Every structure is written in structure tokens, then in C-alpha cells.
Amino acid sequence: MKVQRKTLLLIASLVWCVAGFNILRIGLLAYAPYISVFHIFLSALVFLVFQTFIFGRLVKKHTERIRGYREEYHFFLKFFDVKSFVIMAVMMTGGIYLRVSGLGPEVFIAVFYTGLGAALLLAGILFGKSYYKTVRTRNIDMETAK
């Protein structure tokens, strides 16, 4: 199934928003007994680290890669490269294992998942912003060409 190049940005946005929302929800549901300034600070720190050093860079890298495609239509899973799919699979497996095994205490799940989920959700929003800019730019270019 092939989609337009710009649609890959929309797919990335939807995938990352859904993942971010679900992880954030898990963290927030576990947070109630642990709400404190210290834990909120730790969640914010997790958010900043993931957003600054991982997801922010990833959004830029994949947006540039997708915009750089010469062909207009691509396989719908091409919003990621193989390396990113592997990283996502490892992260999901590790996260599920932490929760199911009990190795991650509830306070860790609350603090870490809240920060991580917020960073994932923001990455999805940033992919959506890239999609919007791409669509808007093309519409402006089409109107100018008339």
C-alpha cells in the first residue's frame, strides 16, 4: 500500500501520538500516590532528556528524510527506517518487561512513563506540525503557480 510522501509525516504523527498518549496515560494512572515536587521534577527531567537528545533529533532526521524523497509515492511504513523500527521494538519490549516483571517499582513507572510519554506525544505533535507545514507550503506553491 503506497501513500503520498507527505502522508508519511501524518502517519508518523498518528503513530507517535497514540504511543505517547498510551505511555503518558500509564504513567499518570500510577502517579496519584507519588505526587510530589521531587517526582514532578524527575518526570520533567526525563521529558527534557528524551525530547532533547532522542525524539527531537529523530523528528528532524525523519522529516528531512521523508521530504527528501524524490518519488511521490512510498510504502506506508516508510515513515521510519529499519533502525528506528528496531529501536522502537526494543523500547516497547523493555517497557512491557519492566511492568510485567515487577522490576520497575510503581513510583518508577509513574515518574519515568509520564516523562517519556509526554516526550513521545510531543514528537507526534511535531510530526503533525511538519505535515501541516508541508501541506500548507504545497498549497501556497500551487496557488502561486496559477
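The values are calculated or read from the model by the stated rules, or taken from the named source; none is laboratory data. For clarity, every value in this text was computed on a predicted model and none was experimentally measured. Ideal geometry is used to build each Cβ from the backbone, glycine not excepted, and the neighbour counts take in all protein chains shown.
Tell me, yes or no, whether the range 63-85 has at least one residue that is closer than 15 Å to Leu122 by Cβ, of a type outside the set (Lys, Arg) and in contact (Cβ under 8 Å) with a residue 60 or more places away in the chain.
If we filter the range 63-85 for residues that are closer than 15 Å to Leu122 by Cβ, which is where we start, we get 63.
Within this subset, residues satisfying the condition of being of a type outside the set (Lys, Arg) are 63.
After this cut, where a residue has to be in contact (Cβ under 8 Å) with a residue 60 or more places away in the chain as well, the list is 63.
Yes, the conditions are met somewhere in the range 63-85.
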Every residue from the range 37-72 that is surrounded by 12 or more Cβ atoms within 10 Å (Cβ to Cβ) and farther than 17 Å from Gly117 by Cα: Lys60, Lys61, His62, Thr63, Arg65, Ile66, Arg67, Tyr69
Identify the residue in the range 9-37 that is within 10 Å of the chain's Cα centre (by Cα) and not aliphatic (A, V, I, L, M) and, among all such residues, is farthest from Pro105 (Cα to Cα). Ser13
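Please state which one of Ala19, Ala12 is surrounded by fewer than 20 Cβ atoms within 10 Å (Cβ to Cβ), over 11 Å from Gly115 (Cβ atoms) and of a type in the set (Gly, Ala, Ser). Please lay out each step first, then the result.
Details: Ala12 fails: surrounded by fewer than 20 Cβ atoms within 10 Å (Cβ to Cβ).
One residue alone meets the criteria, Ala19.
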Against the definition (in a helix (DSSP H, G or I), small (Gly, Ala, Ser) and buried (at least 20 other Cβ atoms within 10 Å of the Cβ)), how does Ser84 come out, yes or no? no
Checked the range 100-111 for anything free of Cβ contacts under 8 Å to residues at least 12 places away in the same chain, surrounded by 12 or more Cβ atoms within 10 Å (Cβ to Cβ) and part of a helix (DSSP H, G or I); matches are Phe108
Across (1) modelled with pLDDT under 95; (2) farther than 23 Å from Thr134 by Cα; (3) hydrophobic (A, V, I, L, M, F, W, C), Ile23 clears everything bar (1)
